[in-house]
Structures are given as structure tokens and as C-alpha cells.
Amino acid sequence: MRRILPGCKVHWNEEEWILIDIVDLKKVLLKNLKDKNIELVNALEVSLGDSENRTNLLQDIPNETWLEACKLFDLIRELVKDKKRARTYKDLDDIAEKLGKSRATIYRLIKKLENDFVVSALIKKARKDHGQHRLSQDVEKIIENEISTFYLVPERPTVVELWEQVSLVCREKKIKPPSMTTLRRRLNLLQDRLVVSKRFGSKKAREQFEPIKGSFPGADIPLAVYQIDHTPIDVILVDEEYRKPIGRAFLTIVIDSCTRMIAGFCVSFDPVGALATGIALSHAILPKEMWLAKHEIGSSWPIYGIPRKIYADNAKEFRGTMLERACQEYGIILENRPKGLPNYGGHVERAFGTFMKRSQSLKGTTFSNVKEKESYNSEKKAVLTLKEFESWFATFVLKVYHEKPHNGINKVSPLSLYETFILGDDNTKGIGLPTLIEDETKLKLDFMPFVERTIQEYGVLIDNIYYYADVLRNWIHARDPNNSKLKRKFIFSRDPRDISVVYFFDPELKIYYPIPYRNISHPPISLWELNSIIKDLNQQKCFEINEDTIFEGLKEMRKIAEVAAEKSKSARRMQQRRKDWSKDKQLVQPQPTNPFDNLALNWNNDQILPFLDLEEAE
């Protein structure tokens, strides 16, 4: 990733400056290029300049185009990471040959990534002839089949032999064969590990592509390798209203393998998975100043920026299309730790052990096992709410864990080691500050699930709930630009914890707009609550499920839950989850809109769920 270093040009206060010095993790010294004025400014206000306007939304990119861009990104990124003086013509020509492009084209691609280090920067804007294939479908099928059955085999035929085989099949079918260059381009799009595995065996692929046992390749500087994992906390928490026990919450942490700094975390009663992972990663990538102020914690948390690689413990949450694509977009490499190999990710497990051991001093602890707990009544002793535990945990991380020397990093503290890497010392040159994410809203939405829907005169219908805002007017009954017989589908991102607002992506302006309920009198609701209501109505064999029946069911369920809250732990837990959802402010505040009369519509279970594990509330 790009870094802010002394001597580089930066932007501050809408002007161009030269960065003279990084004073500390919070302040930098700048010199104005015009009047030579020198200023000491907040490091978080400095950027390397505006990225080029991106016209590609992640959800809007065809899968083939995305995979091709990812392949291109993986080849070019090393040339971008290396200093210009370290690049050789051979390096450039090797990449050019693999891609079937000229050296000049490789230079242009490098320049694009130097300006904007994301996958989508390499995706071309749509052409007028977009959708027209140079090769016929018959030729494409022949190439695909012969690569699979003739080339990816243990006998390891050459590319020339593959081309001869493809040409032979084409001639037999009286089809013009593709050129050797075209065939090489197709092969270059294959994953290297797949090719090695099929042609040389899985053992060779593991040896070549998997990390060496007991180490994290490249984890020698901050943000090089992150580890992420979840665990239930060893403390019973209470609800905020009745202060009665509601059970254990889940903790997700993101740790920097090099410095042991905690980059971000998430504490929630919601099921662990894609959502908690996305929230924790967003927390890790973005600066924490606003978060610390909100929680009234007077400590420094200087780690932020995009990591190069993330290790997860067989994380099923990364199977979600948008979560995976979001990581690819920002150049984050995902690695799953296989079961039975604890050396892949021991840092995060040791951190969990430290945190859970310290949490056992809190009232309401469950200890680590029944034997340790003995006769201790965890529920009776419980006193902390989720918010209070979150503040306690952050305070412990920032004021104790980050400040305490660690044996695994030569008995220095994580914060001290991080500072040394960034600023440098008498023996080491600093690597500089990470670059900031300029569009925080986009980043957060990139890690959220989405649906695709048409826009009608009443607005948009998602899961039997109507949404409307004036910004949708221009797209009512819009036709698909590639097929005028079909209505155009648009992208709506949403936060499952509060679906009272969805976020419409305008395909022309390339901007997200918040779209509230059409009937703004409806209360906020989570996706888990909605699924629970639909399930309950179906069990009651409700003839017609629409917006009215859904919110009437919600009203009845919440009324029952309020009565049961004093007696039922599960009811209090659900009630607290709703309160926690309501505290998370919407990414963009919607403008007031005029409510319309509800329209009945039969239930249609046709949903697009990019995340595979958005679970129903139990």
C-alpha cells in the first residue's frame, strides 16, 4: 500500500504541500509549495491527493471482468510496491509477456495503481461496443474444455501443444481457431495455484503457495498481516433497562501480526459471521478518533489503514460475495487457516487468552471452565452492559495491552514497536504513515450486503417493505440498457441491523443515496426480526403477507417481549439487541419523504443474499 513519507507531495487544506517530517503518530510538518509557509498539522488531515473518480461500483462489475482485474492486480502490485529504481526492464517484460501486452501498457497500469491502489482502478470504463465478444461462444467453449481436459493434467503438455489441440478441434468443426496470443491470455487468467495443483500435484501446490510452518511470510512491518477471529466472552452481561442477565456476547478482534497491536474489534449479541467481520474490519481500517470520543476514552489508538493480508480461522464469512470482493477491491489478500495447524494464527488466540483471563476478574465472569467456576453464580453477580464491557475492553487494550512489553516481540510494547516502525529510530528508517481512506461511507457500504431491485412508481419493494425517496423518480420503470425488453435492476445496500433505510447507488452519478421507508411511521426493524416475523406468519398460514401484516406482527411480538422481559433472559437479550442496533447511526441520514398508503403484495421469497450466513434470530 502507498504510505506518507517525508519528501512526498501531499494535499492539506485544499492545497499542495511537501511533507518535511513526521513529528509523531499524530502530527506532521508541511511546507507549502507556493508561499513556502510551514505548518504543523494533524496527520489524519493529510492525504496523497484525490483518487481518480471511480466509475465502477463493486456490485456492478461482471464476475468475469472482476476476476480478470484481480489477476492483473496480482501481477502488477509487486511492481508498484517495489521502488522505481528496483524495477528492471526484465521485470516489466516478464509481466508484459504473461499478459500479452507491451511494456508501455505495463507502465500505464503501474501508474494507475500508484494513483489509486485498488482492483477497480484497472477495470476499463464501459465501451460503446460493450458486450460484443471477439471470439464466438463455440470457440470459447472449445478453449475452456481443452484447457480443462488437455492442459490441466499431470502429463503437463506445453502451451504450443495446447494451441495445436485447440486448432485441431476448431478445424474439425470448421471454426476459425484462436491465435496463440489469445490462448496465452486465457491461461494467464488461471489461478497459479490451480495450474500447479492440476499439473504438478497438490503437494507441490501446498509447498509453493502455503506459508512456511510457524511463520507469516511478509509479516515484518505493520499492516502486512492481520489475523481475525471470534469468541464468546467469559462474562455474563445485563440489559440496560432492567439490569438483569442476558448472557454472553461475542467478541471479534483484528490483530496486527508484526506489532501485536489490536487494529479493531466488534462486540455484539448478534450471531458471529459476515456482519461482525465486516464491522471489525471497517473499524480496523478507519481512524479511531471519532470512536474514542463517542466512548469517552482518552487514549491514543494510532493504527489504521488497509492491511496487505488477513488470516482467518476457516472463516465461512469470507464466502460472502461482497465481503470477498470488498477485500479484493482494497488489495487485501485473504488466507484461511486450516484446521489442525495452530501455528497459522497463534497471535490472535494468545490475545484472546490474555483478554479472557483479564475479564475473569470482572463481576459476572463464567471463568474458563466449570471446575474453575465452582459455586460462583455468574448470572447473579453480573453487572456490566454490553456498552460498558465494550468501553472496559477498549480501555484495557489501549492502556494496558498496547503499553505492556510482550515476550514475543523482544519485550517491547506493541505501541512502542508500532511507533518505531512508523517514525524510525537511530538504527531504522521509518516506513511512514498509512494512507487514509478518503470515502469512509463507501468503505463501510462495501462491507455490507446488497440486493438488486427494479424501481416502480411506488418506489422499491424489498422483502415486502416499501422504500421511497425523490431521488428514485428518474429511474421509475427504467429499462435494462443491454436488453430493452427487461426492466433495469438497481443496487441497494443495507445494514441488516437496521433495514429502515437502504442505500441506493445511482448508476450515473456514482453516489449512494439513503432511501427510507415509504411509510416513515414504521419503527426500525432488523433483518433477523423480519425473517422471524415472516416465519411466524407462514406458520400461522397467513393468506396474505404484506407490509401491514409484517409491522402488525412486529408490534405484537415486541409487546409480548416487553411483558416477558423481566422474566425471560432470551426476551431481554433480544430487546437489548434492538437497542444496540438503534445506537448504530445510519451511514447517511435520509431526507424526510411523504408517506404513501400501503399496498398489499403476496409474499415473494426471491431474495439476493450476498452473505451466506445472515442467520435468523433465535
Of all residues making up the stretch 92-111, the number that are under 28 Å from the mean Cα position of the chain (by Cα) and without any contact (Cβ under 8 Å) to a residue 24 or more places away in the chain: 2
- prompt: Within the stretch 142-151, is even one residue modelled with pLDDT of 80 or more, of a type in the set (D, E, K, R) and part of a helix (DSSP H, G or I)?
  reply: yes
field: Unmet requirement for L162, which otherwise passes all of (1) modelled with pLDDT under 85; (2) in a helix (DSSP H, G or I)
entry: (1)
message: Please go through the stretch 421-446 and give me each residue that is surrounded by fewer than 15 Cβ atoms within 10 Å (Cβ to Cβ) and of a type in the set (S, T, N, Q), ordered by number.
response: N427, T428, T441
- request: Would you please name the residue that is farthest from the chain's Cα centre (by Cα), looking only at residues in the stretch 254-301 that are under 22 Å from R350 (Cα atoms) and among the polar types (S, T, N, Q)?
  value: T259
query: Is one or more of the residues making up the stretch 523-531 modelled with pLDDT of 90 or more, of a type in the set (A, V, I, L, M) and under 29 Å from the mean Cα position of the chain (by Cα)?
result: no
message: Could you check the stretch 506-528 and list, in sequence order, the residues that are in a strand (DSSP E or B) and surrounded by fewer than 20 Cβ atoms within 10 Å (Cβ to Cβ)?
response: D506, I511, Y513, P514
task: Considering each of D220, D192 in turn, give the residue that is outside the structural domain of R156 (by TED's automatic domain parsing) and either at pLDDT below 85 or on the phi > 0 side of the Ramachandran plot (or both).
output: D220
query: Among the candidates V80, V41, which residue alone is at pLDDT 85 or above, under 24 Å from P434 (Cβ atoms) and not in a loop (DSSP other than H, G, I, E, B)?
result: V41
Test: residue in the stretch 251-273 that is in a helix (DSSP H, G or I), at pLDDT 90 or above and of a type outside the set (S, T, Y): no
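So that you can scan it fast, the table gives a plain yes or no per residue for (1) in contact with an Asp or Glu (Cβ under 7 Å, 6 or more places away or on another chain); (2) more than 20 Å from T441 (Cα to Cα):
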| position | (1), (2) |
| --- | --- |
| W475 | no, yes |
| R479 | no, yes |
| K489 | yes, yes |
| R494 | no, no |
| I520 | no, yes |
message: Looking only at the stretch 496-525, count every residue that is of a type in the set (D, E, K, R) and in contact with a strand residue (DSSP E or B) (Cβ under 8 Å, 6 or more places away or on another chain) and tell me the total.
response: 2
query: Can you tell me which residue in the stretch 340-383 is nearest to F396 (Cα to Cα), limited to those that are at pLDDT 65 or above and β-branched (V, I, T)?
result: T354
- prompt: Restricting the search to the stretch 170-181, which residues are part of a helix (DSSP H, G or I) and either crowded, with 17+ Cβ neighbours inside 10 Å or touching a residue at least 60 places away in the same chain (Cβ under 8 Å) (or both)?
  reply: C170, T181
message: Is it the case, given these coordinates, that L472 is part of a helix (DSSP H, G or I) and modelled with pLDDT under 80?
response: no
query: Looking at the stretch 274-295, which of its residues are surrounded by fewer than 18 Cβ atoms within 10 Å (Cβ to Cβ), modelled with pLDDT of 90 or more and either out of contact with any Gly (no Cβ under 8 Å at 6 or more places or on another chain) or under 14 Å from K444 (Cβ atoms) (or both)?
result: E289, M290, W291, A293
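The values are calculated or read from the model by the stated rules, or taken from the named source; none is laboratory data. Every value quoted in this text rests on a predicted model; they were computed, and no experiment measured them. Neighbour counts run over all protein chains shown; Cβ positions are idealised from the backbone, glycine included.
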